[in-house]
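Okay, here's the structure, questions in a sec.
Since every read-out is calculated from the coordinates, none of them should be taken as a lab result. Source: prediction; values computed, not measured. Cβ sites come from the backbone with ideal geometry, for glycine too, and all protein chains shown count toward neighbours.
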Protein chains: 2
Amino acid sequence: MTRRFVVIGGDAAGMTAASQAKRMAGDALDVVAVERGRWASYSACGIPYWIGGEVAQVHDLVARSPQQHRANGIDVRMGAEAVELDVPGQSVTVRDVESGSRTTLEYDEVLVATGARPIRPDLPGIDGAGILDVQTLDDGRRLLDALASGRRVRNAVVVGGGYIGVEMAEALLRRGLRVTLVEQAEEPLALLDTDLGRRVRDGMEKAGVTVLRATAVTGFEAGADGWVRAVSTTAGQVDADVVVLGLGVQPEVALAEAAGLPIGDNDGLRTDPRMSVAPGVWAAGDCVEVRDRVFDRWVRVALGTHANKQGRVVGINVGGGQSQFPGVIGTAITRFCHLEAARTGAMVAEARDAGLDVVVETIETTTHAGYLPDAEPMTVRMLAEKGTGRLLGAQIVGGRGAAKRIDVCALALWAEMSVADLAMSDLAYAPPFSSVWDPVQVAARALCAVV
Amino acid sequence: MTRRFVVIGGDAAGMTAASQAKRMAGDALDVVAVERGRWASYSACGIPYWIGGEVAQVHDLVARSPQQHRANGIDVRMGAEAVELDVPGQSVTVRDVESGSRTTLEYDEVLVATGARPIRPDLPGIDGAGILDVQTLDDGRRLLDALASGRRVRNAVVVGGGYIGVEMAEALLRRGLRVTLVEQAEEPLALLDTDLGRRVRDGMEKAGVTVLRATAVTGFEAGADGWVRAVSTTAGQVDADVVVLGLGVQPEVALAEAAGLPIGDNDGLRTDPRMSVAPGVWAAGDCVEVRDRVFDRWVRVALGTHANKQGRVVGINVGGGQSQFPGVIGTAITRFCHLEAARTGAMVAEARDAGLDVVVETIETTTHAGYLPDAEPMTVRMLAEKGTGRLLGAQIVGGRGAAKRIDVCALALWAEMSVADLAMSDLAYAPPFSSVWDPVQVAARALCAVV
């Protein structure tokens, strides 16, 4: 008998699960995916590069079109919003966004992959025209339309200095705008320790971005036509012809919550390692919480790479196999122009807050042999547990070729290696690629002397 | 009482050991380093980039001058050749290369870091002028002198297609020469499986190098002035105004052998994990054999990164600490123009020769999100053990940013991870750095389906 797998949400997690399950189960599984928006399987992470002009067309950001999914046997329904999930009844009620008509889909297995929505703080004037999110391709289109509208758009304000904010500041600079970034914390890019975040700010300021740090937005002023014209902040008013919100996201769990599914302290769905929330009910992507392996606690990390992996885990489990999502260690990476930044594991403050006895070393080096002309500066900070020498975290800031080296630290952390073991491991060396001791090994070696 | 540590050989291994031991032991240790050549602590690996013009001055390749070492309290003696090592008598006889006078140095600890010498096959005409090695800075200087001599130097022949040969072919192209590479094996770059080596050959040929593969050199023809004018090969004669030998190196162990120290099957000194060969006698660098962790066998790998690490191990042990060299896994990396190549662990043929039941996947992808304009092609081959899924090796060929990703594979192999664990680990993702599944994870994921 054919079973039915209903997937709620047609982006990374949902469509990966749908594809994986269909590939494994074939005709024995009827796969229906409902997506309330106009786009499926797209790279939200690519939006800043589309806005900045590095990606020419929105279609370049679409990994697989609904037509392609249908060719693979998946019944993708666009403009179809799941409005009720009946877990005991094993059915999903779906509303056609255009006509308003409702259908009920019975299922054997269901996946909640409803994603997240951008945080829009409850501030005066927040609903003014020209105050935009950059979460979906439609959001990106609205921003590009605003820039191309014929309206004088000269000043852009980015609210929030997380990686989306930093990437959008670059994109808007590339578009020729005057860009101000407003960040509530002491420095932008809270994924780094404050002093390293400061280096990123220095780079942004050198490139021409005005960074208002330790500054809160208090409201938005609109002109007579209702379009934003200024942002009010604790550091004064800033002219704004367009505002981009980069304040992070909130899990979209209303449907799941109404269905009585378990929501965690971080407002995301709680799953078991197989990504199951209840018998026959799965969850994946930005709407779930995941286990942080470093601190052994629940966290929420809205990243496409986790969404894809979780989707694959669900797809394998639904398709008849066995798979588990092993958790995360807080790896992240971003770029501002030619300045790269990355981290994995614990930062200094959070390690100390967690009561860990931590030693820290920071080394300054170059991405490869310093005698070659294109070697770029590179800073590596590394944390280890005093006594055991266990690697606890790392951060990298530097020029081209620096940041992706974080993967070596991430994998060492993943495998619970000590800094002594990392320092002596057999990494690749030739002058165009590394100094004779790889930069992460220089950092690990420095820690060996103090753990 | 002050002990004396005599270091024989003043390059990577020797001077690293000297520096580390002196740093730890201070005044309690008298450190004397003897070097028969004119240079200490230099980057031999940097020679191709000096020849190619990317490195302006020979001094850029010197990490630390004899003066700098002396300022750190190390008695470095240049032009001083160790001619006898008397282990029972705990002394080294040193000959001054210029004057021929001999001195005897008593020691408490001695390090044999005599390195290796380039292989010069016993072929007719091999001693002709213009047939050069690229092992030392003096070798590099001789080659540059030949190119700048006013003599018509138009045709260069590189004998041997290992990484030195490939790097030298690029360097000579950059100098405007017509370059022919002669390689005995089916394809150059034997650090890769043959079909991937072929891609490197394709890249070399596209750049203008003539590659004679499966071709042996049978001799060298000299002109009336004794300078080389052609190379005879099994594929015919090739005009040559200069010849570079890149046939690998042979450990320099005559001194150690005469002293009765243990030489292994690969012609290198056999040490214990602390790099000790006998009580009070240490060895490190290109003259030693090391343990291959993948196949659990002795190998010889002449790489500066191992020499540095081994030197550090010796320095710590002599300086009063405890350190071990953990072995190697065959990680290697090189570049030909913009084509990068790297490997770690087992190649397909050697894994099968060793009787391992191995599964292999090869994936074609890009260095980062394919929709960004500077994404480069990237091929990842990965090997795992059938049944257990243990990662056994990987190879990468691709454009800028591809090859150093081998470190992730190297570290996974080092930590004895399975491809399933690697595929789901938390590596860094953002579009300018990676596809949403990192390329090495795409390969690992492909293997998961077949192990």
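Taking the Cβ of each residue in A:ILE406, B:ILE131 as the centre, tally the other Cβ atoms inside 10 Å and list the residues starting with the fewest. Walk me through the intermediate numbers first.
On the way: A:ILE406 27, B:ILE131 22.
So the ranking, lowest neighbour count to highest, is B:ILE131, A:ILE406.
Right, something else. Normalised by the number of residues in segment B:128-267, what is the relative contact order in percent for Cα pairs under 8 Å and 6+ residues apart? Walk me through the numbers on the way to the answer.
Details: 254 pairs, mean separation 41.1, N = 140.
Relative contact order of segment B:128-267: 29 percent.
Still on this structure: What is chain B's relative contact order, in percent, from Cα pairs under 8 angstrom and six or more apart in sequence? Write out the running numbers ahead of the final one.
Numbers: 1081 pairs, mean separation 62.5, N = 451.
Normalised by residue count, the contact order of chain B is 14 percent.
Please arrange B:ASP30, A:ASP202, B:ASP193 by how many other C-beta atoms lie within 10 Å of their C-beta, fewest to most. Don't skip to the answer; put the middle values down first.
Numbers: B:ASP30 17, A:ASP202 13, B:ASP193 22.
By the 10 Å Cβ count, ascending: A:ASP202, B:ASP30, B:ASP193.
Could you derive backbone 3J(HN,Hα) for segment A:366-378 from the dihedral phi with the Karplus parameters 6.51, -1.76 and 1.60 (θ = phi - 60°), listing whole Hz in sequence and x where the residue is Gly or Pro?
Karplus-based 3J(HN,Hα) across segment A:366-378 equals 10, 4, 8, 3, x, 7, 8, x, 9, 5, 10, x, 8 Hz.
Which one of B:GLY236, B:ALA80, B:LEU372 has its Cα pushed farthest toward the positive end of the charge dipole of chain B, where Lys and Arg give +1 and Asp and Glu give -1 at the Cβ?
Comparing the listed Cα positions along the dipole, B:LEU372 ranks first.
Which far-off residues, 5 or more places away or on another chain, put their amide H under 5 Å from the one on A:LEU132, with H placed in the peptide plane?
It is A:VAL243, A:VAL244, A:LEU245, by chain and number.
Per residue of A:413-425, count partner chain C-beta atoms within 10 Å of its C-beta, then hand back the mean as an integer.
On the way: counts 2, 10, 9, 1, 3, 0, 0, 3, 4, 3, 3, 10, 13.
What the average comes to for A:413-425 is 5.
Sticking with this one: Can you compute 3J(HN,Hα) from phi for each residue in segment A:121-129, using the Karplus curve 6.51 cos²θ - 1.76 cosθ + 1.60 with θ = phi - 60°, rounded to whole Hz and x for Gly and Pro?
Those phi angles translate into x, 7, 10, x, x, 4, 8, x, 5 Hz.
Same structure, new question: For chain B, what does -39500 (n - 2.57) per DSSP helix run (n ≥ 4), summed and divided by total residues, give at 222 nm, in deg cm²/dmol to the nearest 500?
Working: 12 runs with 112 residues, N = 451.
Roughly -7000 deg cm²/dmol at 222 nm, from the helical runs in chain B.
Classify the protein assembly as shown as rounded, prolate or oblate from the Cα gyration tensor: take a ≥ b ≥ c as the square roots of its eigenvalues, call it rounded if a/c is under 1.5, otherwise prolate when a/b beats b/c and oblate if not. Could you put the intermediate results ahead of the total?
Values: a/c = 1.97, a/b = 1.86, b/c = 1.06.
Prolate, because a/c is 1.5 or more and a/b exceeds b/c.
Treating only the Cβ of Lys, Arg, Asp and Glu as charged (+1, +1, -1, -1), what charge dipole size does segment B:205-258 show about its Cα centre? Round to the nearest 20 debye.
The dipole magnitude comes to about 260 debye.
Dipole magnitude of the protein assembly as shown about its Cα centre, charges +1 at Lys/Arg Cβ and -1 at Asp/Glu Cβ only, in debye to the nearest 20? Walk me through the numbers before you get to the answer.
Numbers: 90 positive and 114 negative charges, 208 e Å.
The dipole of the protein assembly as shown has a size of about 1000 debye.
Using only alpha carbon pairs under 8 Å that are at least six residues apart, calculate the relative contact order of segment B:338-448 and give it in whole percent. Walk me through the intermediate numbers first.
Values: 240 pairs, mean separation 34.4, N = 111.
31 percent.
Which whole number gives the average, over all residues in B:296-305, of C-beta atoms from other chains lying within 10 Å of the residue C-beta?
Working: counts 0, 0, 0, 0, 0, 1, 0, 5, 5, 11.
So the per-residue partner count for this stretch is 2.
Nearest 20 debye, what's the magnitude of the dipole of segment A:120-247 about its Cα centre given +1 on Lys and Arg Cβ and -1 on Asp and Glu Cβ?
On the way: 15 positive and 19 negative charges, 99 e Å.
Here segment A:120-247 has a charge dipole of around 480 debye.
Here is a follow-up. Given the pairs A:LYS386/B:LYS309; A:LYS386/B:LYS404; A:LYS206/B:LYS309, which span a C-alpha to C-alpha distance of over 27 angstrom in this model? Mind dumping the intermediate values first?
On the way: A:LYS386/B:LYS309 23 Å; A:LYS386/B:LYS404 30 Å; A:LYS206/B:LYS309 39 Å.
In this structure, A:LYS386/B:LYS404; A:LYS206/B:LYS309 lie more than 27 Å apart at Cα.
Additional query: Quantify how strongly other chains surround peptide A:440-447 by giving the mean number of their Cβ atoms within 10 Å of each of its Cβ atoms. Let's see the in-between values first.
Numbers: counts 2, 4, 0, 0, 0, 2, 0, 0.
Across A:440-447, the average partner-chain Cβ count within 10 Å equals 1.
Give me B:MET424, A:MET275, A:MET168, A:MET1 ranked fewest to most by other Cβ atoms within 10 Å of their Cβ, as a rough exposure proxy.
Numbers: B:MET424 22, A:MET275 32, A:MET168 27, A:MET1 4.
Sorted ascending by nearby Cβ count, the order is A:MET1, B:MET424, A:MET168, A:MET275.
Could you tell me which of rounded, prolate or oblate describes chain B, using a ≥ b ≥ c as the square roots of the eigenvalues of the alpha-carbon gyration tensor, with rounded for a/c under 1.5 and, failing that, prolate when a/b is larger than b/c and oblate otherwise?
Note, shape of chain B comes out oblate.
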